[in-house]
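Data block below; observations after.
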Protein chains: 2
Amino acid sequence: MRLSRFPLATTKETPSDAEIISHQLMLRAGFIRKLGAGLYTWLPIGLRVLKKVENIVREEMDRAGALEVLMPTIQPGELWKESGRWDVMGYEMLRFKDRHKNDFCYAPTAEEVITFHVRQDIRSYRQLPINYYQIQTKFRDERRPRFGLMRGREFLMKDAYSFHMDAEDLSREYYNMREAYIRVFTRVGAAFRAVKADSGNIGGALSEEFHILANSGEDLLAVAEGGTYAANVEAAECKPTGKRAAASAALEKVSTPGQKTCDQVSKFLNVPLTGKVKLLVVHAAEGQPHALIGIALRGDHQLNEVKASKHPKVKSPFKMATPEEVQAAFGCETGYLGPIKCPIPVIADHAAFEVADFVCGANENDHHLKGANWGRDAEEPETADLRAIVEGDASPDGVGVIKFYRGIEGGHVFQLGKKYSKAMNLTVLDEKGQAVTPEMGCYGIGVSRLVAAVLEQSNDAGGMIWPDAIAPFRVIVCPIGMDKSEAVKAAAEKLYADLNAAGIETALDDRGARPGSMFADADLIGIPHRVVIGDKSLATAQFEYKSRKAEKAEMIPASLEAVLEKLRG
Amino acid sequence: MRLSRFPLATTKETPSDAEIISHQLMLRAGFIRKLGAGLYTWLPIGLRVLKKVENIVREEMDRAGALEVLMPTIQPGELWKESGRWDVMGYEMLRFKDRHKNDFCYAPTAEEVITFHVRQDIRSYRQLPINYYQIQTKFRDERRPRFGLMRGREFLMKDAYSFHMDAEDLSREYYNMREAYIRVFTRVGAAFRAVKADSGNIGGALSEEFHILANSGEDLLAVAEGGTYAANVEAAECKPTGKRAAASAALEKVSTPGQKTCDQVSKFLNVPLTGKVKLLVVHAAEGQPHALIGIALRGDHQLNEVKASKHPKVKSPFKMATPEEVQAAFGCETGYLGPIKCPIPVIADHAAFEVADFVCGANENDHHLKGANWGRDAEEPETADLRAIVEGDASPDGVGVIKFYRGIEGGHVFQLGKKYSKAMNLTVLDEKGQAVTPEMGCYGIGVSRLVAAVLEQSNDAGGMIWPDAIAPFRVIVCPIGMDKSEAVKAAAEKLYADLNAAGIETALDDRGARPGSMFADADLIGIPHRVVIGDKSLATAQFEYKSRKAEKAEMIPASLEAVLEKLRG
């Protein structure tokens, strides 16, 4: 491509509303333009990168045996009512009525639609397994769109859905997709990590996220140093140690006027936070004997709301009791609650269960208990994994110690099980003619987000640094004084033509810009390989070559072969 | 592709709700599935055709120098308010509010959005001309979606927008795009015709539509037999002959009780329809001295509402007067109106102006006039081209006679002029540093519609007949008894592998189906070339080859080269 015919809209200023580097660079380099909150237009140079990522995703999905389809972006509300998700999805799902006042939504995902189609066309076990994918625009009406493409409202997503006769075959395809994802993330040049994940409202059992590691990432990952365990902090398990010291202190009520937080009580009574047990009061699931239920946590731990929401006795989605509800049930303020003589049932997190002689609220204003012990002062409680993992914890698989990293979720693989096939009455006949409800998997990649995520990892003060596989152009040819020197013009045109003929996507900066401005643009847009041609270098039959990643340029013979040699790395 | 891994969802039944052949065949052959009214999912085999058409469009747009971008499907209502179209677009534009109660719409087109971006990034004449295009999903909330992809609600469209310093450069690009369109429509294998068109509410002056000729087409085209003129009937001009006979009859009022229509009056008074002048009463444009205005047409002609709407004295959009309004203005019913002693101003269509001694309503119930003449009995009226063209008319360019054809609009090129650049305050600086309002062009192709339109032209009783360039596969290899004969299996696998290696997209029917069923499927999905391999043909070292278009199969040598020879045609 000749840059004289290819508009580069680069700027030196960093846009004031762009908070993260990928967003800043994509605006500065003219890759994208903002149309509205969370809405971006891809300009020609940016679209080249998006298309390359899209093609890599397509190639790997095809290679893995998935079949491409294209579903509408607009979906009938009826199908979401069938699956039961119409009332569960929040404001992020954009809903509207068409001119005939029927309910529709802009697809945030397509489990319902693909299940609807499979219900029509797939009737026999002979037609399974099958895995359909599409690369299609999605919309999520984020409350606060931010970070450019990272958390936009409209975005390009690859979503795949597989159907199976049994859980074993689902598991096989799950790992097949997982392998395909590893190939995709490797090919786009990302440093990534597959981590155990929570399935959210998509449903299902096993799921993993593919995270691009970057400090700007919105997700916190728990990774075992010295081990292989890795999980989104949301989903990271905390195992019991199975140890608890015997009770040694006597139970004693002490006055703690105005000391409501664990920190305050810890200092006031001079006990470590690890010796304190706090009680959170939350709404109980329907059908439980009490409307409220207590969760006991160690003083230094935080509740993991995802785990709490999944506990069968806890209301889902998770909801804290109000101070008024606490007052009515306990007769005291929330700062003085504890599991001893507790008026509601208590579930103890494993770590809270393993503390002896603990301090806790006395369920009476301005008072706490010291020397409290499970079993002796209160019934041995039901226990569960309810806390958030912390750095320094032992890895749940026993190997290594947990350290936190930040990640950008670029992909997600799920074993959905029968959630949608059951809700939408999808059955197929097995070998014996029996109707079977198929197992489902689903597999997503945020294609447009992946572009930004790779960029978060791959940039420097000069701008973008694209991996060869997804660069807008692999090579940029920069002639010095092309308008004055016939020799420079001829050499640049020849190299440009030869590289393109060799299948190397190449840009020729024929805009007549000065060297400094040419080089700054080439760096900003992140072209991996730069070849400078001037009268001076041609005098010694040389080109100046510079890798975008290298500190310095070097002289190479003035030949196509010498440039190709550099591209081979 | 092995058909055992590629689900064909073919059926023998013609779906009851599919009215036209392309819609029937695409459902029967499993190319698309209906998700809701005007919403279709592309299944794997159909998507292959859509992608091929999309790629041809992309290649030709790139070749023509246009630059690909990708704009969001969701657009802020603000921009449509800026251009003035928010209130003009009807229910076909899907509007909604986001969670923050701001106005948005699903893009039916993108003049506003591209003008918004160009206003930000283009400041100098040096950056023009430029032509941006995208291939992106559009939505139009049709009142009655029908004919499958032909008039769906969600569809894939290529839309391009060019910007120019002056009208001359716009004209140059318009013809550049027109040439690109001719290449696109030729490459996809369509029999098409470029015709003069009305610009509708997109605005602008010169515009042409590209129509695929088919009896199921919704548009009527006026084409000059023996000439080159072609226009959408909506836009076809009718030129005056400049001749009118002298008045020879005396004006006479006759009683015509109950004779209200032209047909009735013509029979009752025994005069041909061509000797009758009728008067339509419509609302006048704002600022006209009368609220109503009369349009005189020859008795055998119909009003062209598009022409009427564009007349400066007529209200736009065109609106007929009600019987009450006519009664108030004329003191009689609508069946007895005429241009003689008319209480409101009259514009005569050229053909009505050229009748002498005509019959018309007397502006009095149950009475008509005979022997009426312009000039003598009424002032010579203002004349204009207001009627619909009819078959048998002379071509407006004087060469040939008009005949009607039906067409499916597949593309449209417009010279928009300054409509959007002016409304949205887009200016760029010219060589002298003066702010200039750029000229705009816009150019659309209905990519998904084009698939259906080609199919309307290209099918037979057996099913689809795809042109090679957009066929889902070019060749299908059908082995007979592959499970029983090692020789057949080996020959089929080898030919399949060799063809794919030669870059020929080939399907292998390895489903183990019986020959009749295999051939029926191959015909239905319209693969242009079929090669049958069986023990019988292999015994004489032959393959059976059949072109999808041919009546009969023929024997060819059992070699790759012989098959390639057939593909070369």
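The values are calculated or read from the model by the stated rules, or taken from the named source; none is laboratory data. What you are looking at is a predicted structure, and each value in this text was computed from that prediction instead of being measured. All Cβ positions, even for glycine, are placed from backbone atoms using ideal geometry, and neighbour counts span all protein chains on display. What goes into the accessible areas is simple: the full protein's heavy atoms, side chains included, and nothing from ligands, DNA or RNA. Shrake-Rupley method; radii C 1.70, N 1.55, O 1.52, S 1.80 Å.
Brief remarks follow.
- The listed residues are A:L495, A:L538, A:L560, and the only one of them that is farther than 26 Å from A:I465 by Cβ and either open to solvent by less than 40 Å² (accessible area, probe 1.4 Å) or touching a residue at least 40 places away in the same chain (Cβ under 8 Å) (or both) turns out to be A:L538.
- Single residue of the range A:394-418 satisfying the filter (assigned to a loop (DSSP other than H, G, I, E, B) and on the phi > 0 side of the Ramachandran plot) that is farthest from the chain's Cα centre (by Cα): A:G398
- Checking each residue in the range B:117-130 for being in contact (Cβ under 8 Å) with a residue 60 or more places away in the chain and open to solvent by 10 Å² or more (accessible area, probe 1.4 Å) picks out B:R119, B:R123, B:S124, B:Y125, B:Q127, B:L128, B:I130.
- Residue in the range B:398-410 that is open to solvent by 10 Å² or more (accessible area, probe 1.4 Å), of a type in the set (D, E) and within 21 Å of B:K138 (Cα to Cα) present: yes
- B:I114 fulfils the conditions (1) over 30 Å from A:G90 (Cα atoms); (2) β-branched (V, I, T); (3) in contact (Cβ under 8 Å) with a residue 60 or more places away in the chain except for a single criterion, (3).
- Number of positions in the range A:105-140 that are of a type in the set (D, E) and more than 9 Å from every other protein chain (Cβ to nearest Cβ): 2
- Conditions (1) open to solvent by 40 Å² or more (accessible area, probe 1.4 Å); (2) under 37 Å from the mean Cα position of the chain (by Cα); (3) under 13 Å from B:G361 (Cα atoms); (4) touching a residue at least 60 places away in the same chain (Cβ under 8 Å); number of the one not met by B:E225: (3)
- Residue within the range A:174-186 that is modelled with pLDDT of 95 or more and under 14 Å from the mean Cα position of the chain (by Cα) present: yes
- Residues of the range A:54-72 include none that is more than 14 Å from A:Q134 (Cα to Cα) and either within 8 Å of chain B (Cβ to nearest Cβ) or buried (at least 24 other Cβ atoms within 10 Å of the Cβ) (or both).
- Residues of the range B:350-393 classified as over 18 Å from B:V281 (Cα atoms), open to solvent by less than 10 Å² (accessible area, probe 1.4 Å) and not in a loop (DSSP other than H, G, I, E, B), total: 3
- Hits in the range A:235-285 - residues which are in a helix (DSSP H, G or I), open to solvent by 30 Å² or more (accessible area, probe 1.4 Å) and in contact with a Leu (Cβ under 8 Å, 6 or more places away or on another chain): A:D263
- Conditions (1) facing another protein chain (nearest Cβ under 7 Å); (2) among the polar types (S, T, N, Q); (3) open to solvent by 10 Å² or more (accessible area, probe 1.4 Å): number failed by B:T41: (3)
- B:L35 vs. criteria within 8 Å of another protein chain (Cβ to nearest Cβ), farther than 24 Å from A:I32 by Cβ and not charged (D, E, K, R): yes
- Selected residue (criterion: most open to solvent (accessible area, probe 1.4 Å)) from residues of the range B:2-31 that are of a type in the set (V, I, T), in a loop (DSSP other than H, G, I, E, B) and more than 11 Å from chain A (Cβ to nearest Cβ): B:T14
- Any chance B:K307 is closer than 21 Å to B:K267 by Cα, basic (K, R) and crowded, with 22+ Cβ neighbours inside 10 Å: no
- Qualifying residues in the range A:434-488 (those that are β-branched (V, I, T) and under 28 Å from the mean Cα position of the chain (by Cα)) - the one farthest from A:M177 (Cα to Cα): A:I465
- One residue alone among B:N365, B:N373, B:N425 is in the same structural domain as B:A224 (by TED's automatic domain parsing), more than 24 Å from B:E218 (Cα to Cα) and among the polar types (S, T, N, Q), and that residue is B:N425.
- Looking at the range B:488-569, the strands (runs of 3 or more DSSP E) lying wholly inside it that each contain 1 or more residues that are acidic (D, E) sit at B:542-547, B:554-557.
- For the range A:79-103, taking the residues that are under 16 Å from B:L35 (Cβ atoms) and exposed (fewer than 15 other Cβ atoms within 10 Å of the Cβ), the one that is farthest from the other protein chains (Cβ to nearest Cβ) is identified as A:K81.
- Some residue of the range B:457-468 being buried (at least 24 other Cβ atoms within 10 Å of the Cβ) and part of a strand (DSSP E or B): yes
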